[in-house]
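Asker: The structure that follows is given in the form of C-alpha cells.
The values are calculated or read from the model by the stated rules, or taken from the named source; none is laboratory data. Predicted, not measured: the structure shown is a model, and the values here were computed from it. Please note: Cβ atoms are built from the backbone with ideal geometry, for glycine as well, and neighbour counts cover all protein chains shown. When the accessible area is computed, the model is the full protein with side chains, heavy atoms only, and any ligands, DNA or RNA have been set aside. Shrake-Rupley method; radii C 1.70, N 1.55, O 1.52, S 1.80 Å.
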Amino acid sequence: LLDCFFVPFLSQGNHTPTVRSSLISPTSRSEIDPTAQATYSRLQSLRHLCRSRDGNRCVITHQQGHVPTRGRRRQISSQPSVHLECAHIIPHSLNQAGAGGHLADDKTVLWRILNMFDPGVSLLLQGERIDGPANAMMLYPELHSRFGLLHWYLEEVPGGGGGDDDEAVYVFCRSRGAPLLPLHCMPAGPGGTVRFTRMDGSRTELPSRRLLAVHRACAKILEVAGAAEYVEDLLDEFED
C-alpha cells in the first residue's frame, strides 16, 4: 500500500502541472504536442473557473489573489494580494496516460486502491474530468504543498451547508505529527471552519464531498499507520 499508493500519491499531490503560455505561442503552436496544448487549455480553463467560483481568494485563509492585468487597467486595492494556485484534490498526473494512450500498470493498481476508499470514485475522475472544478480549489502555495503531502485535510460538518449543494462547511484538521503551519496559513473561518460557496453566483461545481472524503481517508490512514515520515523520507531520496 505504501509503495503502490502513497508514494506516487504524495509525490504528485503537492503541485498542479502547468504549461507556460509562451510554449503555446502562435509561432510554436505547430511544434507542440497536441496533448500538451489540450492540457494547457484545460488547466487554464480550470484555473479561471475556480478563481471565479472561489472569489479569487484562498478558500482556507481568504487571502486575496493577484488580479490578472492583461487587457485591463490595473486595479488599485488597499488589500495586499498573493499568488494563488489552483490545487487538485486528487493529483492530475495520476490520470496521465503513457505510450499508446493507456495507463501504466502502476497507475492502474493505484486507481484500484483508490476505489477501495470509495467504490466507483474513479468514475468522477475519468479522462478530462480529473481537471474539473469538482476536483480543484484555490489555495495559497504553501497550503497546496502541505495538502498534497496529506499534512492537513477537511472534515465535513454534517448539515453545515444547509442540506443542499450550494455550499458546504468543513473543519480544517492538521494530521497528527505533521509540521505546524505558519499563522498566515491558518483558516480564516470561525473555529477553524472552511465554507465552500459560489462567490460568483454561478453553477460551477463546488469541490466534491466524495473526493475530499477520499483525501481525508488517505491522510488518516497514513496518520494511524505512522508512516508519513517513512514515505516522505522515500520521496526525499528520489529527489536526491
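Asker: What FRET efficiency comes out for the pair residue 188/residue 123, r = Cβ-Cβ distance, R0 = 22 Å, nearest 0.05? Spell out each step's value before the answer.
Answerer: Numbers: r = 34 Å, r/R0 = 1.53.
For residue 188 and residue 123, the calculated efficiency is 0.05.
Asker: Leaving out ligands, DNA and RNA, what percent of the accessible area of the stretch 114-155 is carbon and sulfur, probe 1.4 Å? All intermediate terms of the calculation are to be shown ahead of the outcome.
Answerer: Working: 790 of 1460 Å².
Roughly 54 percent of what the probe reaches on the stretch 114-155 is carbon or sulfur.
Asker: So how do 105-117, 202-214 stack up, highest first, on mean other-Cβ count within 10 Å? Display every interim value, and only then the final one.
Answerer: Values: 105-117: 14.5, 202-214: 17.5.
In descending order of packing, they fall as 202-214, 105-117.
Asker: List every residue whose amide H lies under 5 Å from the amide H of residue 65, counting only residues 5 or more places away in sequence or on a different chain, with H placed 1.01 Å from N in the peptide plane.
Answerer: Result for residue 65 returns 57, 58, 82.
Asker: So how do 183-193, 145-155, 84-94 stack up, highest first, on mean other-Cβ count within 10 Å? Walk me through the numbers before you get to the answer.
Answerer: Details: 183-193: 13.9, 145-155: 21.1, 84-94: 22.8.
Listed from highest to lowest mean packing, they are 84-94, 145-155, 183-193.
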